[in-house]
Amino acid sequence: MAPIAYKNTRVLWEDHMKQRLTYLGFFLTPFIPVIFYVVSAGTGYDAYALSIVFGVYAFVLVCNQFYLASQPAFLLKLLSAKQVRTLHSTSPLLLLALGGTHALLKLNVGFTLSTTQAVIGLLAFVLFFVGILSALMLFANTILTKRMAFAAIRTNVMTKGGLTHQKARAMHNLMVPTGLLVLAHVVLASTSDFTYNPWGMSMLVLWMVYSLLSYLNYRLSGRKRRGT
Amino acid sequence: MKKQLTIVLLIALTLPLTAQIVPSASVDPKVDGIFSNQEYPVVEQLRGMTMGYALSGDGQTLHFALQAPTKGWVSIGLGSNRMQGAHIVIGFDALTSQTISEETGRGHSHSPSRDKIVKQQAIKESGNTTTLEFSVPASLYAGGSELRMILAYGTRDDLRSKHSTYASHTIPFTK
């Protein structure tokens, strides 16, 4: 019995380490394009550089949202389906905080909402805010869901809005065009100029395209298969 | 009395320094958006652009002019050989209206500057060329041994589109 018990403990420990490393990778990998962006901008350490850090990090989180929503088999080997869903439902809060700070820092150093690129960014932020808030209110399973008062509000909103769980989830797909909007915002940024920053820019565009395609593939063909 | 004397001495020492950083024109350039012959004692050709600069007769003002082969925006950035950190004076002549803005270079972009240093400014489009002229207090840049700058122009009448040509240049001070 002893060797089996030892093995089980080791397997558990290995799983635990794998999960830790996966979370670490999830939150550290956005720094790879961040480094490319900051170095290519050559700004030094100032508010503008910080705005780049927050903006690029937030964008990678947006891409990750689509990737997480596609329930990738690779990730499901490392984390449980519940953990993937939890990551998908909690990281938007970080995304909003980073996106909002990015915008405030840009405004602080004198940038204005006078360009198409900035307006697209604002629009994407507002749509993400509404999308995330409505998901939180209507169908996401969070710590709030277990509270009676919140459940009552949710039921009330769903009834008055004539919504079903399926309809609310379908509405959440509006995040896909919003993802394309934020991609346009990033591509139009001066820091994404291919001449100065080919690697950083390519990373972000490819990661967004791959994440969106993964999600579309999941929605169109893979949902049932992966669910089993 | 001693303090006042020190201040007078410091000013007296500073004046000749600022007065020598770049050549002066016999007559101070007229900031009117027209790059006239002999208006600037130093004229440089940089990637199709013509730049002139001069120190005013009293040594207090630095005059700059940039003529570029464009109907769009024209710009001079002072204090750096790249956009980051440069104090950028950028403008365009939309014929019915002229726009000139002082901006701070940030990475590969720029945003309106909080510090306004330009004393006089003018921009004029004539044929296929646009000329930007402006002046700034010489004391702002007299501290070093050179003045680094960037020059650029774009094809559109705005302040945000990317340059079509740019050049960097360093003016060595003669002091």
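Bear in mind these aren't lab numbers, they're just calculated from the coordinates by the rules spelled out. Quick caveat: nothing in here was measured; it's all calculated off a predicted structure. FYI the Cβ positions are ideal-geometry reconstructions off the backbone, even for glycines, and counts take in every protein chain you see.
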Exercise for the section: Between A:A118, A:A152, A:A135, find the one with the highest GNM mean-square fluctuation for chain A; connect C-alpha pairs within less than 10 Å. Expected result: A:A152
Exercise for the section: About the Cα centre of segment A:1-110, how large is the charge dipole given +1 on each Lys and Arg Cβ and -1 on each Asp and Glu Cβ? Please answer in debye to the nearest 20. Expected result: 400 debye
Exercise for the section: Would you please give the residues with an amide H less than 5 Å from that of B:L147, counting only those at least 5 places away or on a separate chain, with H modeled from the backbone geometry? Expected result: B:I171, B:F173
Practice task
Sort A:R154, A:R20 so that the residue with the fewest other Cβ atoms within 10 Å of its own Cβ comes first and the one with the most comes last.
Solution key: A:R20, A:R154
Problem - Shielding of A:41-48 by partner chains, average beta-carbon count, 10 Å - result: 4
Completion exercise
If the chain between A:L123 and A:F31 were fully extended at 0.36 nm per residue, the gain over the current Cα-Cα distance would be 30.6 nm
Problem - Over chain A - Rg/Rh using Cα atoms and the Kirkwood inverse-distance radius - result: 1.02
Handout entry: Nearby aspartates and glutamates by direct alpha-carbon distance to B:K162 (threshold 18 angstrom, same-chain neighbours under 8 apart not counted)
Key = A:D193, B:D93, B:E102, B:E103
Practice task
Take the cross-link list A:K106/B:K119; B:K30/B:K71; A:K18/A:K82 and give me the ones stretching past 25 Å between alpha-carbons.
Solution key: A:K106/B:K119
Practice task
Can you tell me the FRET efficiency between A:K146 and A:L216 if r is taken as the Cβ-Cβ distance and R0 is 45 Å, rounded to the nearest 0.05?
Solution key: 0.85
Practice task
State the answer as a single residue: which of B:F134, A:L76, A:Y210 lies farthest towards the positive end of the charge dipole of the protein assembly as shown, with beta carbon charges of +1 for Lys and Arg and -1 for Asp and Glu, about the Cα centre.
Solution key: A:L76
Completion exercise
Residues of segment B:113-135 with backbone N under 16 Å of the label point set 7 Å from the Cα of B:A94 along Cα→Cβ are B:123-125
Handout entry: Nearest-20 debye value, segment A:2-227 charge dipole, Cβ charges on Lys, Arg, Asp, Glu
Key = 1300 debye
Exercise for the section: Report the residue, chosen from A:L216, A:L24, A:L87, that carries the largest GNM mean-square fluctuation when chain A is represented by alpha-carbon nodes joined by springs under 10 Å. Expected result: A:L24
Handout entry: For segment B:2-172, Kirkwood radius (reciprocal of mean inverse C-alpha pair distance, Å)
Key = 16.3 Å
Practice task
Go through segment A:57-73 residue by residue and turn each phi into a ³J(HN,Hα) via Karplus (6.51, -1.76, 1.60, θ = phi - 60°); whole Hz please, and just put x for glycine and proline.
Solution key: 4, 4, 5, 4, 5, 4, 4, 4, 4, 5, 5, 5, 5, 7, 6, x, 4
Handout entry: Cβ-Cβ FRET estimate between A:A97 and B:N128, R0 fixed at 56 Å, reported to 0.05
Key = 0.65
Problem - Positive-end residue of B:M49, B:Y153, A:A170, charge dipole of the protein assembly as shown with Cβ unit charges - result: A:A170
Exercise for the section: For peptide B:98-109, compute the average count of partner chain beta-carbon atoms within 10 Å of each residue's beta-carbon. Expected result: 5
Exercise for the section: Note down the net charge around A:D193, summing +1 for each Lys or Arg and -1 for each Asp or Glu among other residues with Cβ under 14 Å from its Cβ. Expected result: +4
Handout entry: Degrees, to the nearest 10: B:2-19 long Cα axis against longest axis of chain B
Key = 40 degrees
Practice task
Just rank A:M17, A:M158, fewest to most, by other beta-carbon atoms within 10 angstrom.
Solution key: A:M17, A:M158
Completion exercise
Karplus-derived 3J(HN,Hα) from phi for segment A:43-48 (6.51 cos²θ - 1.76 cosθ + 1.60, θ = phi - 60°), whole Hz, x at Gly and Pro, runs 8, x, 9, 9, 4, 5
Problem - the protein assembly as shown - charge dipole about Cα centre, Lys and Arg +1 at Cβ, Asp and Glu -1, debye rounded to 20 - result: 2800 debye
Practice task
Distance between Cα centroids, segment B:101-165 to segment B:25-81: provide it in whole Å.
Solution key: 11 Å
Practice task
Please work out the ratio of the alpha-carbon Rg of the protein assembly as shown to 2.2 N^0.38 Å and round it to two decimals.
Solution key: 1.35
Practice task
Mind sorting A:R85, B:R47 by how few other Cβ atoms lie within 10 Å of their own Cβ, fewest first?
Solution key: B:R47, A:R85
Fill in the blank from the handout: Sequence order, segment A:176-181: Karplus ³J(HN,Hα) from phi using 6.51 cos²θ - 1.76 cosθ + 1.60, θ = phi - 60°, Hz rounded, Gly and Pro as x, gives 5, x, 5, x, 5, 4
Handout entry: Per-selection metrics, segment A:81-155 (Cα): Rg and Dmax in Å
Key = 15.7, 46
Problem - Highest-fluctuation residue, A:Y215, A:Y48, A:Y23 considered, GNM on chain A with Cα pairs under 10 Å - result: A:Y23
